[in-house]
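To start, the structure itself, in structure tokens.
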Amino acid sequence: MDQRSFIDLSGYWQFDLAAEEDAAFSGETVLLPGTPDENRKGLDNSAAFTPRYLHRDYVYTGPAAYRREVSVPAAWEGRAIFLHLERTKKTRVWVDGRPAGERQKSYTTPHRYDLTALCRPGCTHTLTVEVDNSPAGMPYAMYSTLWEGEAWSHQLTEHGQTNWNGIVGALRLEALPALSVSRLRLRPDLPPRCVRAEITLARLDADGEVRGHVVLWAESWNSDQPVHRTPPQQAEFRFAPGARTAAVSLVHGMGEAPLLWDEFQPNLYRMRLEVYLGETRCAHASEDFGMRAFTTGENQGGRQFFINGRPTLLRGEINCAIFPKTGYPPMGLEDWLRVFTIYKDYGLNHVRFHTWVPPKAAFQAADRLGLYLYIELPHWGRRMFGDIAQGDDADVRYYQEDTRRIFAEYLNSPSFVMFALGNEERIGFYYYEEFLKFCKELEPDLLYSDIAGHSTYPPSADFATKWLEPGYLPLVNGRSDWDYAETVRAAPVPITGHEVGQLQVYPDYDRELPAYEGSVLRPRNLEHFRDILAQAGLEDRAADFHRATGKLAAMLYRSFMESYLRTPGSGGFLLLGLQDFSGQGTALVGLLDSFLESKGAITPGEFRRSCCELAVLARMPRFVWEGGETFEAELVVSNYSPGGARLGVGW
């Protein structure tokens, strides 16, 4: 972060469910950051019901206007002033009724408005923000998946985090010095043990030529090893006459033995940058990064993922943005540390964000804990990339701009290693390859795929998530002498199993329903299923159903995971899921509920025996043996730990 001053804009704002031009602001207020749902504003939805997902008591789709007074300190004279909205929907901004630039439309990255020309330090101004969560002007496949007007993209679907209105996360006014750091892009390059740094400087006054220099160095900060600090490096910069920006690119050496980042030792560095005019330091900034190389290559008869030259098998969870308390994702670091610590406790090292992009705090938490993140565009529908085949490139241009923003905002994080264009639909569409080439030109070191589930391996794809034969429940008679080796050998890229499991666990109504007290999302679907059981006279069996289905699901999840562990050359698997997915028909497929609380079917330690970096497995032709028979099995060691393994067999 640069040398900035802030005004926190959290608090009560005037509010109206209307576009800015029509807003009356008649005394109604809401608390921001937040949503109209949390403020109990919107259209009454309390009588609505579907068994397919959780419900909101208040809904609203369209523009909503938010207004408040802001006093700009006199000390901000000579500084650039920006409005920062960490996460929202389409926005427009006005200061004292004057528009502050063009509408911003990213649902995945912060909105920043330059208010310098509109704000006078020492004065009080009226700030108005319009937030519009309607499909107007947005890509078709963001808001329509299988049917017109029903979105399944987890960035905004009612099946997950909902299509909320409002502003969440950081909400502030920022003052930057007259010369500031607007971007510090860091990309590690492991074989030469260096990091490529691209610096963009900005100035308020574009008059004349300005020359100066930058100094940067890196320092490890979270390792249990001694602190590693690189020698300072200096580079010159120049603002040409009339130019408001200047760029500096350099390669910063990390020494002979930099600390590497991976799932076992997530060592982080902090790059520090200082900007000088002569001997005067006029700005500074810092960014965290990790030294790692996440690549693919041939191994064990297939193609696998490699971290820092060592093969790894991805053991993943699919995150479908299930956050019932608020109806939107948590924005704080501690919240995401809790989520990812639970994942790690169950042996996972990988997360796919299904058609949505999490906030900055999620990347920071994954950086600290050592998780490999796979991010997808909010894109799921039968017209993905719109009507580009007919020459209409509006949706393509939207996703190009959003991809640039996503990469610029989050790719310093070492945990961000994989990226895909969407989920399942429009299989084999020719434009996927064109968009992948666009992505690779922007960021050649990231690993890419076209769509989850049904990849057709376009030339620029580096990996695929696929349904692998023999399928979800492949065997009538239980055995463990099968694997996916034939499919893995035939694939041109590493494959991870797509949405593995999907095993329903009957709800524990007595425990789960009270957990929704005070939540934005209401469990009317669960109450419906409870009432059906009561109508059948079986309400006293609910606990039995919960216990039996939970134990069965736990056993089968372990069986599925082990099938990937024993497959030579396997890329890994993505579960659906460790956590319940409360949408799409109320898919209670988790061993944890929607709040990430255990259902009691299995402990993390038991789960990890089938989901870990070092597992001892057995290939058995059957699970039932009779007295007098000779038990025969082939032992398999799945070892993706940092070191070797010495094992003995005891009877």
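The values are calculated or read from the model by the stated rules, or taken from the named source; none is laboratory data. Predicted model, so just to flag it, every value in this text is computed and none were measured. Backbone-built Cβ (ideal geometry, glycine too); neighbour counts: all protein chains shown. Surface areas here come from the heavy atoms of the whole protein model, side chains and all, with no ligands, DNA or RNA. Shrake-Rupley method; radii C 1.70, N 1.55, O 1.52, S 1.80 Å.
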- Message: Sort 181, 59, 637 by heavy-atom solvent-accessible area, probe 1.4 angstrom, most to least.
- Response: 637, 59, 181
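Given a 1.4 Å probe and heavy atoms of the protein chains only, how would you sort 272, 172, largest accessible area at the top?
Values: 272 85, 172 50 Å².
Ranked list, largest accessible area first: 272, 172.
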- Query: Between segment 579-640 and segment 314-342, what's the alpha-carbon centroid distance in Å?
  - Reply: 23
- Query: Using the alpha-carbon centroid of each, what span in Å lies between segment 352-397 and segment 95-154?
  - Reply: 19
- Query: Expressed as a whole percentage, what fraction of the accessible surface of the chain belongs to carbon and sulfur atoms when a 1.4 Å probe is rolled over the protein heavy atoms?
  - Reply: 50
- Note on the structure: Given backbone amide H placed at 1.01 Å from N, residues whose amide H is under 5 Å from that of residue 55, ignoring those fewer than 5 places away on the same chain, are 522, 524, 525
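With a/c under 1.5 counting as rounded, go ahead and sort segment 269-357 into rounded, prolate or oblate using the C-alpha gyration tensor (a ≥ b ≥ c being the square roots of the eigenvalues; past the cut-off, prolate if a/b is larger than b/c, else oblate).
Values: a/c = 3.02, a/b = 1.32, b/c = 2.29.
Oblate is the answer for segment 269-357, as a/c is 1.5 or above yet b/c matches or exceeds a/b.
Provide the packing ranking of 248-255, 564-571, i.e. peptides ordered by the mean count of other C-beta atoms within 10 Å per residue, highest first.
Details: 248-255: 15.1, 564-571: 24.1.
Put in order of decreasing packing, that is 564-571, 248-255.
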- Message: Report the Cα centroid-to-centroid distance between segment 524-564 and segment 219-237 in angstrom, as an integer.
- Response: 53
- Farthest towards the positive end of the dipole of segment 408-560, among 555, 448, 435 and with Cβ unit charges of +1 on Lys and Arg and -1 on Asp and Glu, lies the Cα of 555
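Please work out how much length the chain gains when fully extended from residue 244 to residue 279, using 0.36 nm per residue of separation minus the C-alpha to C-alpha distance, in nm with one decimal. All intermediate terms of the calculation are to be shown ahead of the outcome.
Working: separation 35, 0.36 × 35 = 12.60 nm, distance 2.16 nm.
Difference between extended and current length: 10.4 nm.
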- Task: Set Lys and Arg Cβ to +1 and Asp and Glu Cβ to -1, take the dipole of the chain about its Cα centre, and tell me which of 480, 7, 33 lies farthest positive.
- Result: 7
- Task: Roll a 1.4 Å probe over the protein heavy atoms and report the accessible area of residue 96 in Å², nearest 10.
- Result: 70
- Task: For the chain, find the longest principal axis of its Cα atoms and tell me its angle to the long axis of helix 360-369, 0 to 90°, nearest 10.
- Result: 50
- Listed values (i) 26.7; (ii) 25.1; (iii) 29.9, entry calculated as Kirkwood radius over Cα pairs in Å: (i)
- Task: Among 307, 280, 143, flag the residue with its Cα farthest along the positive direction of the charge dipole of the chain, charges on Cβ as +1 for Lys/Arg and -1 for Asp/Glu.
- Result: 280
- Note on the structure: If every Lys and Arg gets +1 and every Asp and Glu gets -1 at its Cβ, then about the Cα centre segment 51-190 yields a dipole, in debye to the nearest 20, of 260
- Item | Relative contact order (percent, whole number), the chain, Cα cutoff 8 Å, 6+ residue spacing | 13
- Message: Nearest 10 degrees is fine. How inclined is helix 524-535 to the longest principal axis of the chain, computing both from alpha carbons?
- Response: 30
- Item | residue 427 - accessible surface, heavy atoms, 1.4 Å probe, Å² rounded to 10 | 100
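Over 30 Å between Cα atoms: which of 89/551; 360/437; 90/325 fall into that group?
Where the Cα-Cα span goes over 30 Å, the pairs concerned are 89/551.
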- Quote the charge dipole size of the chain about the Cα centre in Debye, to the nearest 20; the model charges only the Cβ of Lys and Arg (+1) and of Asp and Glu (-1). 1020
- Item | Tilt relative to the chain, helix 431-442 - C-alpha long axis, 0 to 90 degrees, to 10 | 60
- Ranked from highest to lowest mean number of other Cβ atoms within 10 Å per residue, what is the order of the peptides 403-411, 533-541? 403-411, 533-541
- Query: Using unit Cβ charges (K, R positive; D, E negative) and no other charged atoms, how large, in debye to the nearest 20, is the dipole of segment 509-651 about its Cα centre?
  - Reply: 380
